[in-house]
There are 2 protein chains.
Amino acid sequence: MIPHLSNDDLLGGCEAVRPILVRIGDKWSVLIVMALREGPRRFNQIRRDIGSISQRMLTLTLRGMERDGLISRKVYPTTPPRVEYALTELGHSLRGPVEALGAWAIANEAEIVSAQTRYDAENA
Amino acid sequence: MIPHLSNDDLLGGCEAVRPILVRIGDKWSVLIVMALREGPRRFNQIRRDIGSISQRMLTLTLRGMERDGLISRKVYPTTPPRVEYALTELGHSLRGPVEALGAWAIANEAEIVSAQTRYDAENA
DNA sequence: CGGAATCCATATTGATACTG
DNA sequence: CAGTATCAATATGGATTCCG
C-alpha cells in the first residue's frame, strides 16, 4: 500500500477523473470540441469536418456531450430542419486542459512512437 | 467546412491527441500512473492499491504503458520472482497534463452531474 | 509472485436501410 | 437535413484455471 494515500483518496482524487477521460477520450469527442471551437455548426457540417465519423456515432457522441452539459443543441423548425450545435461555457472551459494534453501528445508523439517501435522490435 | 482549418490541420493538431487520450483514458492507466507517482512498485502492490482491477487488465494495461514508454519493468530473478514497475521520465511528464485535466474534472464534476440530471429529467 | 491461456459477457463501432 | 432502427463485427473487460 501507499501509506500516505488511502484508497478513498485515490477514489476522490483520481477516480473522479476517469469518467471525464472516458467521455472526452473516446474516439470523437475531442474532434467535436475542436470542430465547434469557433462557433455553432450544423450536424452535417460537423460530420464533414471530421470526415470519417458515422452518422450514428456523431449522433451518439453529440447526445452524450449534450447530456454532460458540454454542448448545446438548438433546433430551427424550418424546412428542411436545421439543428445547430455549440459549445457551452463548460465545453469551452474544457478546451484549455484538453489542448494542454494535446500539446503534451504532440510534443512527445515521436518519443512514444519510437518507444513502441523499440518495444515491438525487442519482442519480435 | 471550417475555412481556416483543413482536415489535415485537424489531423495534425487534434487527431494526434486521440491515441494518447485513448491510452490514458482507458479504465486503469490513470490509476496506475497515480499508484506509481511516488516510486517503483510491484505487481501485486499496484493491484492492491487499485483494489478492483483484475489480474488480466493490470497485466494488459502495464504492457501497453510499457510499450508506449510510460513505465519501465524490471525483473529480479529471485525466488519468488520480483517485478518492479516504475514511471519513466516520459511517464512522469504526463502527470502534469493529467492532473490538470483531473483538476478540471473535480472542479466541474458537480456541474456535469447536475447537467446529466437535468437532461435525464427533461427526457423522461 | 507474476504472470499466460482460455472462456464468456458486455460495450463500442460501423454499415445499411428507412423516415419526417 | 437530421436523424432512427437494425444487424454484424470488433473491442473491451471479468472470471477461472494453470504454470515456472
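The values are calculated or read from the model by the stated rules, or taken from the named source; none is laboratory data. No experiment lies behind these values; they were computed from the predicted model shown. Because the Cβ atoms are built from the backbone with ideal geometry, glycine has one as well, and the counts that use them run over all protein chains shown. The protein model used for the area step is the full one, side chains on, heavy atoms only, and it has no ligands, DNA or RNA in it. Shrake-Rupley method; radii C 1.70, N 1.55, O 1.52, S 1.80 Å.
Every residue in segment A:66-79 that is facing chain B (nearest Cβ under 10 Å) and within 12 Å of DNA strand D (Cβ to nearest atom), please.
Step one: of segment A:66-79, the residues facing chain B (nearest Cβ under 10 Å) are A:66-70.
Listed by number, the list holds a single entry, A:E66.
Would you be able to tell me the number of residues in segment A:74-119 that are assigned to a helix (DSSP H, G or I) and aromatic (F, W, Y)? Step through it out loud before you land on a result.
First pass over segment A:74-119, keeping only residues assigned to a helix (DSSP H, G or I): A:89-119.
From what is left, the residues that are aromatic (F, W, Y) are A:104, A:119.
The qualifying residues number 2.
Only residues in segment A:45-61 that are open to solvent by less than 60 Å² (accessible area, probe 1.4 Å) count as the first member; pair them with residues that are near DNA strand C (Cβ under 6 Å from one of its atoms), Cβ under 6 angstrom, at least 6 apart or cross-chain, and list the lot.
Qualifying pairs under 6 Å: none.
When you look at B:I112, is it out of contact with any strand residue (DSSP E or B) (no Cβ under 6 Å at 6 or more places or on another chain) and free of Cβ contacts under 8 Å to residues at least 12 places away in the same chain, yes or no?
So B:I112 fits the description; yes.
Can you tell me how many residues within segment A:36-65 are more than 10 Å from DNA strand D (Cβ to nearest atom), under 17 Å from A:T88 (Cβ atoms) and either among the β-branched types (V, I, T) or touching a strand residue (DSSP E or B) at 6+ places or on another chain (Cβ under 6 Å) (or both)?
4
Quick one: which of A:A115, A:A107, A:A121 is closer than 30 Å to B:S72 by Cβ, modelled with pLDDT of 95 or more and within 12 Å of chain B (Cβ to nearest Cβ)?
None of the other options fit; the residue is A:A115.
Exactly one of these conditions fails for A:M34: (1) over 26 Å from B:E122 (Cα atoms); (2) open to solvent by less than 80 Å² (accessible area, probe 1.4 Å); (3) within 15 Å of DNA strand C (Cβ to nearest atom). Give me its number.
All conditions are met except number (3).
Which ones in segment A:13-47 are of a type in the set (A, V, I, L, M, F, W, C), modelled with pLDDT under 90 and out of contact with any helix residue (DSSP H, G or I) (no Cβ under 7 Å at 6 or more places or on another chain)?
Filtering segment A:13-47 down to residues of a type in the set (A, V, I, L, M, F, W, C) leaves A:14, A:16-17, A:20-22, A:24, A:28, A:30-36, A:43, A:46.
Adding the requirement that they be modelled with pLDDT under 90 leaves A:14, A:16-17, A:20-22, A:24.
A:V22, the sole residue that qualifies.
Tell me which residues, restricted to segment A:99-112, are open to solvent by less than 70 Å² (accessible area, probe 1.4 Å) and of a type in the set (V, I, T). Show your work before the answer.
Let us first name the residues in segment A:99-112 that are open to solvent by less than 70 Å² (accessible area, probe 1.4 Å), namely A:100-105, A:108, A:112.
Across segment A:99-112, the qualifying residue is only A:I112.
In segment B:62-98, which residue that is closer than 16 Å to A:A105 by Cβ and in contact with a Lys or Arg (Cβ under 7 Å, 6 or more places away or on another chain) is surrounded by the most Cβ atoms within 10 Å (Cβ to Cβ)?
Once the filter is applied, the top-ranked residue is B:D68.
Among the residues that make up segment A:80-93, is at least one of them away from DNA strand C (no atom under 14 Å from the Cβ), facing chain B (nearest Cβ under 7 Å) and either among the charged types (D, E, K, R) or in contact with a Gly (Cβ under 8 Å, 6 or more places away or on another chain) (or both)?
Looking through segment A:80-93, at least one residue is away from DNA strand C (no atom under 14 Å from the Cβ), facing chain B (nearest Cβ under 7 Å) and either among the charged types (D, E, K, R) or in contact with a Gly (Cβ under 8 Å, 6 or more places away or on another chain) (or both).
I'd like the full set of residues that are among the polar types (S, T, N, Q) and modelled with pLDDT of 95 or more, limited to segment B:50-97. Steps first, answer last, please.
In the first step, residues of segment B:50-97 are kept if they are among the polar types (S, T, N, Q); the result is B:52, B:54-55, B:59, B:61, B:72, B:78-79, B:88, B:93.
Within segment B:50-97, B:S54, B:Q55, B:T59, B:T61, B:S72, B:T88, B:S93 meet the criteria.
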